[in-house]
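Undergrad: Right, I'll just put the structure down here and ask away after.
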Amino acid sequence: MPLFFIIAIGAGAFALGATTVDATSDMRQQRSSAQALQGTFQPSVYPTQEECVTAAAARGLSAAACQRS
């Protein structure tokens, strides 16, 4: 078998392995972030506006989530 084919097969296997690792790590990250943000944000739980804004920022929400109606 010519050396070219051996190199091509090795490069293809390396690329496939790198793609597989990226896909599994992306799924693991997506699953863990979904578990961290379970439930809905309830601004009425926080006694002050400042505490509400801090909690909203920790969840990745804007300060508009703390507007009380």
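Undergrad: Tell me, PHE4, PHE41 in order of fewest to most beta-carbon neighbours within 10 Å?
TA: Fewest to most other Cβ atoms nearby, the residues stand as PHE4, PHE41.
Undergrad: A further question on this structure: Modelled label-to-label distance, THR40 and PHE5, 7 Å Cα→beta-carbon offset: nm?
TA: 6.3
Undergrad: Additional query: Which order do THR48, THR40 fall in if you start with the one that has the fewest other Cβ atoms within 10 Å?
TA: Exposure proxy ranking, most exposed first: THR40, THR48.
Any read-out appearing in this document is the output of simple, stated calculations on the displayed coordinates, not a laboratory observation. Just so we're clear, the structure is a prediction, and the values are computed from it rather than from any experiment. Virtual Cβ from ideal backbone geometry, glycine too; neighbours counted across all protein chains shown.
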